[in-house]
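Q: Submitted below is the structure of interest, expressed as structure tokens.
The values are calculated or read from the model by the stated rules, or taken from the named source; none is laboratory data. Every value quoted in this text rests on a predicted model; they were computed, and no experiment measured them. Cβ: placed from backbone, ideal geometry, glycine included. Neighbour counts: every protein chain shown. Note: areas computed on protein heavy atoms with side chains; ligands, DNA, RNA excluded. Shrake-Rupley method; radii C 1.70, N 1.55, O 1.52, S 1.80 Å.
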Amino acid sequence: LNKWKCYFYSGTTWYAVESDNNVVDGQWYHLASTWDGTTAKLYVNGSVQTSTASISSITYFTVVSAKVGSYYAGNYLNGLIDEVSLFDSALTASNVTAIYNSGVPVDLGTDGLNLSPVGWWRMGDNDSGTGTTITDQGSGGNDGTLTNGPTFSPAVPPEYSTQSLDFDGSDDYITIPHNSVFNITGSITISAWFNLDSNTQYMTFLAKRAGSSTNFQFYNTLTGDGYDGNLRFYSNDGDVYAGNSHIPTGSWNH
């Protein structure tokens, strides 16, 4: 079913909680699953999923080692794993949201959380990214050993910026001096994050102009006067490329 799932074994029965949406390849996810002695839940990127499971107990096999990146026999993961942690309590929804932290991993021992994991494997952060040992930063002291060649990688979960600019919608803007590198005659991409306090007609996110000629303009429209209320991109050949997205206020959009 191409879903994230967390399985729990109780007696002779497997119970599972699963994600609401399908898994998308090539992007980072934060997954957390809790069991409070009665109910198991799954969180994806800080949000609790619809699926739950009623479980009265968990059966453990003490002679079998724990593994990261595979089942006890096969089912190997093809991808990246970071910041694995284990707790001897069922974290609350607010705890999980704080750990997810909008996609930026946090220090579980500080950052005001002090959640005291019994196991916390940072996948190289405390091991200089070398060797074959993954040091347990939790209270359990259970170090992991790299087996069959997994390697440290500089690819990490997304880091968001620490600053942005606030424009008042009246007379604020940024001037960027002309440079020939902006004279793009072939393929072009414009990328930006924005968060709207209000939505106004022709509100422009980015524009490049030479004299009286507009090279390009990336702007917003409102419904009415022949407009559909969606984003638009205007090019210097006079064509207007209309999007199919109406931009909400009060949230970050890419």
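Q: Mind listing whichever residues of the stretch 118-139 are more than 22 Å from the chain's Cα centre (by Cα) and in a loop (DSSP other than H, G, I, E, B)? Break it down into steps so the answer makes sense when it comes.
A: Taking the stretch 118-139 first, the residues more than 22 Å from the chain's Cα centre (by Cα) are 118-119, 126-139.
Across the stretch 118-139, the qualifying residues are Val118, Asn126, Asp127, Ser128, Gly129, Thr130, Gly131, Thr132, Thr135, Gln137, Gly138, Ser139.
Q: Right, here's the next one. Quick one: would you say Pro105 is out of contact with any strand residue (DSSP E or B) (no Cβ under 9 Å at 6 or more places or on another chain), in a loop (DSSP other than H, G, I, E, B) and buried (at least 16 other Cβ atoms within 10 Å of the Cβ)? Steps first, please.
A: On the way: out of contact with any strand residue (DSSP E or B) (no Cβ under 9 Å at 6 or more places or on another chain): yes; in a loop (DSSP other than H, G, I, E, B): yes; buried (at least 16 other Cβ atoms within 10 Å of the Cβ): yes.
Spelling it out, Pro105 is indeed out of contact with any strand residue (DSSP E or B) (no Cβ under 9 Å at 6 or more places or on another chain), in a loop (DSSP other than H, G, I, E, B) and buried (at least 16 other Cβ atoms within 10 Å of the Cβ).
Q: Another question, then. Pairs only if they're at least six apart or on different chains, beta carbon under 6 angstrom, first in the stretch 34-59 and in contact (Cβ under 8 Å) with a residue 60 or more places away in the chain, second part of a loop (DSSP other than H, G, I, E, B); list them, first residue then second.
A: Pairs that qualify, where the first residue is in contact (Cβ under 8 Å) with a residue 60 or more places away in the chain and the partner is part of a loop (DSSP other than H, G, I, E, B), are Thr34/Ala90; Thr34/Leu91.
Q: Tell me, please, whether a residue that is in contact with a His (Cβ under 6 Å, 6 or more places away or on another chain), of a type outside the set (S, T, N, Q) and touching a residue at least 60 places away in the same chain (Cβ under 8 Å) can be found in the stretch 100-109.
A: Let us first name the residues in the stretch 100-109 that are in contact with a His (Cβ under 6 Å, 6 or more places away or on another chain), namely 100.
Cutting the leftovers down to of a type outside the set (S, T, N, Q) gives us 100.
Checking the rest, the ones that are also touching a residue at least 60 places away in the same chain (Cβ under 8 Å) come to 100.
Looking for residues that are in contact with a His (Cβ under 6 Å, 6 or more places away or on another chain), of a type outside the set (S, T, N, Q) and touching a residue at least 60 places away in the same chain (Cβ under 8 Å), one finds at least one in the stretch 100-109, hence yes.
Q: Considering only the stretch 11-30, how many residues are open to solvent by less than 80 Å² (accessible area, probe 1.4 Å) and over 20 Å from Glu83 (Cβ atoms)?
A: Step one: list which residues in the stretch 11-30 are open to solvent by less than 80 Å² (accessible area, probe 1.4 Å), which gives 11, 13, 15-20, 23-24, 28-30.
So of that shortlist, the ones also over 20 Å from Glu83 (Cβ atoms) come out as 11, 13, 15-18, 20.
The number of residues fulfilling the criteria is 7.
Q: Report whether or not Asn142 is part of a loop (DSSP other than H, G, I, E, B) and at pLDDT below 85. Walk me through it before giving the result.
A: Details: part of a loop (DSSP other than H, G, I, E, B): yes; at pLDDT below 85: no.
Taking the combined requirement at face value, the residue does not satisfy it.
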